[in-house]
Structures are given as C-alpha cells and as structure tokens.
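**Student:** This is the structure I have questions about; it appears just below.
The values are calculated or read from the model by the stated rules, or taken from the named source; none is laboratory data. All values derive from a computational prediction rather than experimental measurement. A quick note on method: Cβ atoms are made from the backbone with ideal geometry, for glycine too, and the neighbour counts reach across all protein chains shown.
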Amino acid sequence: MIVVDIHEPSYIPERLTDMGIDVEVKAISPGDYVVGDVGIERKSLHDFYQSIVKKRLFRQLERLREAYTSPFLLLEGDLIEVSSFSNPAIFWGAFLSVTLDVGVPLIFTTNQEQTTSLLQVLDKRLSKKRVRMKEVARYRPPHLSDEELQRYIVKGLPNIGEKSAERLLEAFGTVRNVFNANKNQLIAVPNIGRKKSSEVTRILTLRYRGQTSLR
C-alpha cells in the first residue's frame, strides 16, 4: 500500500495503480508519500531552491523526521537546472546540510516516471519484509493558538489548504459552522468551487463504517 497526498500529480498514483499497487490518495502532512514506515517529501529542484530562499526547508524536514521512522527527501529534475538558479551555492550548501547535519537521506529522480518506478521498488521491498504500515496522521505543531488550531481542524477536510481554511473560517465564523455548511454555502466562498465543496460535503455526510478488524 502506498499513501499519496491529494496535492500530488495525478499521474503518479494512476501509474502506480496500473502497476497493480494498492494506492490510497488522502491528505498527508507532513510528506507526500508514505510506504510502510517510510515518509517521503517530493520536491522539484526549483521547489527545493525556493524552500531554501523562503527559509521553510529545515522546518519541513524536522516535521518529517518527527512523523516517520524513515524519512526521505526526494528531489525531482535535471541537476543541470541548478546552474540556472540565481545562487547555485545556496542549493549545494543546503544539499550538504540536509545530508550531513539534518540526517535526512536524499534521493534523486529525473521525472515523474522515475519517481513512480522508485515508489514501486520501495513498495515491493517493504512488502517482502512484511513491514507493518504505521498509521498516517497529520502533524500537529505544539503550542497552537486558538486561531491556528481552528485552521488546523478545517485543513483536515479534503483539498482544503491553509488559504482555503482561512477563507472558510472568515466566511462562517466558527469551525462548527464550517462543518454544518451545505454545498451551496460552501460554493459561495471565494476560490472553494464546486469540486472542493462536493468532496467536503461528501466526506462530512459519509457514514463511518469502522475498521473490519474491530467488527
């Protein structure tokens, strides 16, 4: 089983499914892929560079280390691209720091096809060892303010990120009102749209079936 974050390119989970691998697409935080006890954060080379410039890279990696037994950072793209960055030295400095100081292994792939192949091999390797998959839970930072906790709860809804959670709370005032809103009310919120509102409404009204093992 490979768990894929809902914000990842659809090509990868679709290709994995074609390969006969069980795939579950859901909201994951931190990380983009979970295979057994391995948590993987996937970034394009440009995204990696931007996360350095915006000073969020090492905070993301710390969360990854806290959440998973075996964290990995996967960088996707052609390394020739690095020479076109405004300051390539920043890229290589962070690259060394991630490996030597933070201790999170780095994996390189050229494109989404290679990323898919890597995930396939990883799933096969862990399946052979019969590694029991740990529960995937969203990371909750410590010491949240009331407003941060409200956004955190709303972000648990399908396809709802930080900005969408903020818009929903501004529109409805409370977390309870967000959860009680109907589809038409959700659609009326800027940038929520029919697709998000339909999925949110579906999951909020779906009857819980429980776990087979508990029956």
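**Student:** Checking I52 against (1) among the β-branched types (V, I, T); (2) within 14 Å of the chain's Cα centre (by Cα); (3) not in a loop (DSSP other than H, G, I, E, B): exactly one of these is not met. Which one?
**Tutor:** The one condition I52 does not meet is (2).
**Student:** Here is a further query. Take the residues of region 15-33 that are crowded, with 18+ Cβ neighbours inside 10 Å and in contact (Cβ under 8 Å) with a residue 60 or more places away in the chain: which is nearest to Y68 (Cα to Cα)?
**Tutor:** P30
**Student:** Loosely packed, with under 14 Cβ neighbours inside 10 Å and over 25 Å from I153 (Cα atoms), is that true of I52?
**Tutor:** No; evaluated as a whole, the condition is false for this residue.
**Student:** For region 179-196, give me each residue that is in a helix (DSSP H, G or I) and at pLDDT below 90.
**Tutor:** Result: G193, R194, K195, K196.
**Student:** Given the structure, is Q114 in the same structural domain as V38 (by TED's automatic domain parsing), modelled with pLDDT of 85 or more and surrounded by fewer than 16 Cβ atoms within 10 Å (Cβ to Cβ)?
**Tutor:** yes
**Student:** Separate question: Of the conditions (1) touching a Ser or Thr at 6+ places or on another chain (Cβ under 9 Å); (2) under 14 Å from G31 (Cα atoms), T115 clears all except one; give me its number.
**Tutor:** (2)
**Student:** If I filter region 167-198 down to residues being under 20 Å from D5 (Cβ atoms) and of a type in the set (D, E, K, R), which single residue comes out as surrounded by the fewest Cβ atoms within 10 Å (Cβ to Cβ)?
**Tutor:** If we take residues in region 167-198 being under 20 Å from D5 (Cβ atoms) and of a type in the set (D, E, K, R), then K195 is surrounded by the fewest Cβ atoms within 10 Å (Cβ to Cβ).
**Student:** Return the residues of region 63-96 that are of a type in the set (S, T, Y) and either within 21 Å of L119 (Cα to Cα) or assigned to a helix (DSSP H, G or I) (or both); say none if nothing qualifies.
**Tutor:** Y68, T69, S70, S83, S84
**Student:** Still on this structure, please answer the following. For region 133-141, check the following and say yes or no: at least one residue is surrounded by 12 or more Cβ atoms within 10 Å (Cβ to Cβ) and modelled with pLDDT of 90 or more.
**Tutor:** no
**Student:** Next up: Return the residues of region 154-178 that are part of a helix (DSSP H, G or I), under 21 Å from V25 (Cβ atoms) and either aliphatic (A, V, I, L, M) or in contact with a strand residue (DSSP E or B) (Cβ under 7 Å, 6 or more places away or on another chain) (or both); say none if nothing qualifies.
**Tutor:** V154, A165
**Student:** Among the residues of region 69-97 satisfying the criterion of being in contact (Cβ under 8 Å) with a residue 40 or more places away in the chain and either aliphatic (A, V, I, L, M) or surrounded by 14 or more Cβ atoms within 10 Å (Cβ to Cβ) (or both), which is nearest to S29 (Cα to Cα)?
**Tutor:** Filtering region 69-97 for residues that are in contact (Cβ under 8 Å) with a residue 40 or more places away in the chain and either aliphatic (A, V, I, L, M) or surrounded by 14 or more Cβ atoms within 10 Å (Cβ to Cβ) (or both), the one nearest to S29 (Cα to Cα) comes out as P71.
**Student:** If you don't mind, there's one more thing I want to ask. Only one residue in Q50, Q60 is without any contact (Cβ under 8 Å) to a residue 24 or more places away in the chain and closer than 26 Å to T116 by Cβ. Which one?
**Tutor:** Result of the check over Q50, Q60: Q50.
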